[in-house]
Every structure is written in structure tokens, then in C-alpha cells.
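Colleague: The following block contains the structure, expressed as C-alpha cells.
We did not get these values from a lab; they are worked out from the coordinates using the rules stated. Quick caveat: nothing in here was measured; it's all calculated off a predicted structure. Please note: Cβ atoms are built from the backbone with ideal geometry, for glycine as well, and neighbour counts cover all protein chains shown.
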Amino acid sequence: MSSDLPVFLAAVSLLSALHLAFQARRVGWSRMKHKIMPPTVTGPPEFERTFRAHQNSVEMYSIFLVVLWISGIFCNEVLASLGGLLYIVSREMYFTGYIRESKKRLPGFFSVLFALLFLTVMATIGIINSFMNKYLNTRLL
Amino acid sequence: MSSDLPVFLAAVSLLSALHLAFQARRVGWSRMKHKIMPPTVTGPPEFERTFRAHQNSVEMYSIFLVVLWISGIFCNEVLASLGGLLYIVSREMYFTGYIRESKKRLPGFFSVLFALLFLTVMATIGIINSFMNKYLNTRLL
Amino acid sequence: MSSDLPVFLAAVSLLSALHLAFQARRVGWSRMKHKIMPPTVTGPPEFERTFRAHQNSVEMYSIFLVVLWISGIFCNEVLASLGGLLYIVSREMYFTGYIRESKKRLPGFFSVLFALLFLTVMATIGIINSFMNKYLNTRLL
């Protein structure tokens with residue numbers, strides 16, 4: 001096994017995947033609490049908020065993985081991993097906030113956006129730098 | 001082209017992607033059968049179960065890819081690929097079971113969970129091993 | 001940093017992730033226009049079409065990433081990246097068409113399928129070639 005593997009990116013990715021699975025689990029618990037059997041996805045507001053909180057995580061999860069890995073491989077693994085941890089914490093804030101009240105999802109949401117923006121900027125810098133290095137034989141930084 | 005490419009992981013990933021696309025296709029067939037035109041996503045119970053069976057696959061697919069690739073790269077490619085094949089077969093059991101009756105999704109669902117757990121354990125061992133090897137100059141196994 | 005990094009695949013992936021985020025943003029704008037507050041996902045037909053257009057992108061996005069990267073790494077990075085650009089343009093056609101009328105999503109949809117098929121064929125060739133090279137010491141092409 002190569003010792004050059006991006007172990008921090010892998011650890012943060014695994015953590016984020018487990019967190020997404022845990023959110024799915026909490027939708028299942030909400031189903032039991034409100035007695036809503038699959039395939040139904042409508043019901044009391046609390047259940048619908050829980051369901052949508054998880055859906056929103058699913059909708060953005062692939063975007064997160066793309067910017068996490070590109071920023072980590074093309075720019076800086078440790079910084080990208082820290083951005084990834086911020087994303088996971090923000091997702092938890094979003095989820096627990098949303099369950100209580102729709103408006104309470106917003107602080108977590110803005111923190112999610114900030115983490116994604118941070119990773120996107122790093123990924124962009126990394127791609128430009130790598131392109132210049134590979135094809136123009138020069139560097140951005 | 002490097003001959004060190006993880007060809008089994010790639011083959012299993014491609015197969016799983018085609019299987020997910022096939023599930024989307026079957027939702028389309030169910031739309032035709034029950035005459036439910038997009039963007040409507042509600043209708044007779046059989047259609048709603050088919051729709052949700054596909055949605056559940058989408059919700060868990062990124063989690064699957066993360067644990068498949070981390071376990072395959074950081075731990076053992078052949079074992080991870082076998083776990084991936086089990087996941088695909090379990091997804092098919094889940095889908096065909098769910099279409100017939102909500103309760104019949106459960107055997108496939110538990111098999112999906114088992115495959116994901118297997119890959120998660122391998123991924124965790126691989127990450128810890130790689131971390132110890134890279135930063136502590138020692139090994140778990 | 002290795003100068004062998006697949007910078008075109010990374011650039012196309014980043015672009016596709018930003019495009020998916022932009023689609024989510026347009027669902028948000030449609031929410032404001034039609035005054036539909038989360039977690040509600042039903043409303044006037046235009047909102048429901050916008051919502052489903054984004055959902056369809058989410059459902060297929062992981063499939064796209066799998067075939068993009070496998071075809072790019074195992075077969076040809078530049079061709080795969082061009083296929084990826086076609087996918088993004090097709091997604092935009094699908095989205096803008098769907099918002100106006102359900103039927104107008106179809107040209108973009110068939111273009112999406114064509115891009116995915118192109119990438120799937122390349123990925124399959126790449127995997128077979130890599131397998132023959134690695135284990136049978138021969139080549140397909």
C-alpha cells in the first residue's frame with residue numbers, strides 16, 4: 001500500500017458518509033414516532049421538515065465530495081479536510097435546526113454554503129495551478 | 001496507462017451506476033403503466049413504491065461509492081469489490097421486493113445495510129492502518 | 001504536487017458541481033417567486049417542474065461522475081472531459097426546457113442520455129483494456 005494515500009480526505013469522507021447515513025436513520029425514527037409508513041413522505045410538519053432536511057443533505061452531498069477531493073488533491077489536503085469537517089458540523093446544525101423550526105435551518109445552511117465556498121475557491125486555485133504547471137510549465141503561487 | 005489502476009473497483013462502480021440508471025428506467029416504465037406524467041410523483045401505491053425504491057437507492061448511492069472506494073484503495077480491492085457486488089444484488093432485492101409490497105423491501109434492505117457495514121469496517125481499518133503507516137511509521141495489522 | 005493529475009476531469013467535475021448548485025439556487029428563486037416555503041415541495045406547475053428538474057439532475061449526478069472519471073482515467077481524459085461538457089450543456093437544456101413545459105425537457109434529456117452513453121462506452125472499453133493489460137498481459141486496442 002502506498003504511503004502517499006490521502007488519509008485525511010478519506011477519513012473526512014467516511015465521517016461525512018456515516019453522518020449522512022445517520023440522518024437517514026433519524027428520518028426512519030421520525031417515521032416511527034409519527035407512524036408514517038413508507039412509501040408515504042408527507043405527514044405532520046415535524047416529519048416533513050425531518051424528511052426535507054435529509055433530502056437537502058442528499059442533494060448537496062455529491063457537490064461536497066467533488067469540491068472536497070479536488071481541493072484536497074490539487075491544493076492542500078489538511079485545509080480541505082478542515083473545510084470538510086466544517087461542512088459536517090454545519091450539516092448537523094442545519095438538520096437539528098430544521099427539525100425544530102423551518103427558519104432555524106438557516107444558520108446551518110449559511111455555514112454549509114461557507115464551507116462549500118471555501119472548498120470551491122481552493123479547488124479552483126488548485127486546478128488553475130495544476131494546469132499552469134502541467135501545460136505552461138509555470139505556477140500560480 | 002498505469003497497470004496499477006483499480007480495475008475491479010471501476011468495474012463494480014460502473015455496474016452499480018448502470019443498475020441505478022436501470023432503476024430510474026423502471027420508474028419511467030411505471031409512469032407509462034399508470035399514466036403518470038412528470039412532474040407528478042404521486043399516484044397508485046405501486047407507482048409510489050417504485051418511485052420511492054429508486055429514491056432510496058439515490059439517497060444511499062454516494063455513501064456506497066465512498067465506502068467502496070476507500071475500503072478498496074486503503075484496505076483490499078478484491079474484498080471491497082465483492083462487498084460492492086453484494087450491495088448491487090441487495091439493491092435489486094430491495095427494489096423488486098418494494099414494488100410488490102412495502103414489507104417485502106426489508107430483506108433487501110438488511111442485506112444493503114450488511115454490505116455497507118462490511119465496507120465501512122474495511123474502510124475504517126484501512127484508514128487507521130494507513131494513518132499509522134504514514135505518520136507513526138507502524139501498522140495495525 | 002504531481003504533474004500527472006487529471007486536471008481536465010477535475011475542471012469539468014468542478015463545473016458540473018457548480019452547475020448543480022446553480023440549479024438548486026434556481027429552485028430557491030422559484031420558491032420565492034411562488035411564495036412556497038420549505039419544507040413544502042408542491043405548488044403551481046411551474047414550481048413543481050423546476051423542483052423536479054433539479055431532482056432529476058441530483059438523481060443522475062453520481063452516475064455521471066462515475067462514468068466521467070472511469071472513462072477519463074481508464075480510457076482518454078480529453079474525450080471524457082468533452083463528453084462531460086456535453087453532459088453539462090444537456091443538463092442546462094433539460095432544466096430550462098422543463099421549466100417552460102414538461103415536454104420541452106425531452107431534447108435535453110436525450111442529449112443527457114447520449115452523453116452518458118458515450119462516457120459509458122468509453123469506460124467499458126477502458127476497463128476491459130486495463131483488465132487485459134493487467135491480468136492477461138495483452139490489450140484490446
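Colleague: How high is the relative contact order of chain A, in percent, counting Cα pairs under 8 Å that sit 6 or more residues apart?
Modeller: Here the relative contact order equals 24 percent.
Colleague: Also: In Å and on Cα atoms, what radius of gyration and Dmax does segment A:7-135 show?
Modeller: 16.8, 59
Colleague: Please report, for residue C:139, the nm distances (one decimal) from its label point, 7 Å out from Cα along the beta-carbon direction, to the equivalent points in the remaining copies, shortest first.
Modeller: Distances between equivalent label points, in nm: 3.4, 3.4.
Colleague: Evaluate the distance, in nm, between pseudo-label points positioned 7 Å from the Cα of residue B:82 and of residue C:139 along their respective Cα→Cβ axes.
Modeller: Taking the simple label geometry, residue B:82 and residue C:139 are separated by 3.3 nm.
Colleague: Mind listing the label-point distances from residue C:79 to the same position on all other copies, shortest first, one decimal in nm, points 7 Å along Cα→Cβ?
Modeller: Taking the point 7 Å beyond Cα along Cα→Cβ, the inter-copy spacings are 3.6, 3.6 nm.
Colleague: Taking the Cα-to-Cβ direction at residue C:100 and at residue A:42 and moving 7 Å from each Cα, how far apart do the two end points lie in nm?
Modeller: 3.1 nm
Colleague: In addition: Please work out which residue of chain C brings its Cβ closest to the axis of the rotation superposing C onto B, and round that distance to whole Å.
Modeller: Output: C:62, 3.
Colleague: Another question about this same structure. Shortest first and in nm to one decimal, what separations exist between residue A:46 and its copies in the other chains, measuring from label points 7 Å along the Cα-to-beta-carbon line?
Modeller: Label-point separations across copies, in nm and ascending: 3.7, 3.7.
Colleague: Which number do you get for Rg(Cα) / (2.2 N^0.38 Å) in the protein assembly as shown?
Modeller: Cα Rg divided by the expected 2.2 N^0.38 Å: 0.96.
Colleague: Please compute the net charge surrounding residue C:37, taking Lys and Arg as +1 and Asp and Glu as -1 over other residues with Cβ under 12 Å from its Cβ.
Modeller: +4
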